[in-house]
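Enquirer: There's a structure below that I have some questions on.
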Amino acid sequence: DDIWAWRADHGNGVGWTSNVADTGLVVNGDNVTAYGLFVEHYQKYEVLWNGNGGKVIFFQNEMPYDPPSQAAWMEAPGVDGYAALKVGNHVTHFNGYGMGSYSFFNQGVNIYAANAFEVPTKLPAGSLNDLLTIFLSTGGSGGILNVINNTGGSSTIANPDVPVTVVSYP
């Protein structure tokens, strides 16, 4: 309950190459439930969920503020950024409720994440509920292109401070 994992990425004396941390939380066990999971600013997946039968009730995330370039923050060739929460491709059951990811890329270059959330498409209908993304400030650039698995609209400078939601997925 109530986990807050955070990588320092803004303020004095911090930076992409001086405060390094790939992933905030990796879950490998089955039937794990997280209530109030806050994981922020990591350089790859914020949460990597490999266990079957997992459940997250309230997830809050801010993507890293400080990727120096899009090339430095790519999940794979042609896939911008990293999802805030990725459920492993082999997982057959996972539930998420009230999950949000926010972006504020502050390095003066356009940085994008293709998706805030990535899950296997074989999950049962309605496995994820009440998902959202928000572009936090007009002082940033780039944004999140999709809420989940190339579904849902973009959160960018075009719609700052406006939640983009997916009510239920898949």
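Enquirer: Among the candidates Asp80, Asp66, which residue alone is crowded, with 16+ Cβ neighbours inside 10 Å, acidic (Asp, Glu), assigned to a loop (DSSP other than H, G, I, E, B) and touching a residue at least 24 places away in the same chain (Cβ under 8 Å)?
Expert: When all the criteria are applied, what remains is Asp66.
To keep it simple, each residue is scored yes or no on (1) at pLDDT 95 or above; (2) under 13 Å from Ala84 (Cβ atoms); (3) touching a strand residue (DSSP E or B) at 6+ places or on another chain (Cβ under 9 Å).
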site	(1), (2), (3)
Gly98	yes, no, yes
Asn106	no, no, yes
Asn110	yes, no, yes
Ser127	yes, no, yes
Asn146	yes, yes, yes
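Enquirer: Looking at Val39 and the list (1) part of a loop (DSSP other than H, G, I, E, B); (2) among the β-branched types (Val, Ile, Thr); (3) more than 16 Å from Trp73 (Cα to Cα), which single condition is not satisfied?
Expert: Among (1) part of a loop (DSSP other than H, G, I, E, B); (2) among the β-branched types (Val, Ile, Thr); (3) more than 16 Å from Trp73 (Cα to Cα), Val39 violates only (1).
Enquirer: Here's something else I'd like to know. Specify the residue that is surrounded by the most Cβ atoms within 10 Å (Cβ to Cβ); the eligible residues are those in the range 131-148 that are under 9 Å from Ser103 (Cβ atoms) and of a type outside the set (Phe, Trp, Tyr).
Expert: Thr133
Enquirer: Of the residues Tyr102, Tyr97, which single one is in a strand (DSSP E or B), surrounded by fewer than 16 Cβ atoms within 10 Å (Cβ to Cβ) and without any contact (Cβ under 8 Å) to a residue 60 or more places away in the chain?
Expert: Answer to the selection: Tyr97.
The values are calculated or read from the model by the stated rules, or taken from the named source; none is laboratory data. Here the structure is a predicted model, which is why all the values come from computation and not from measurement. For neighbour counting, all protein chains shown are included, and Cβ atoms are generated from backbone atoms with ideal geometry for every residue, glycine included.
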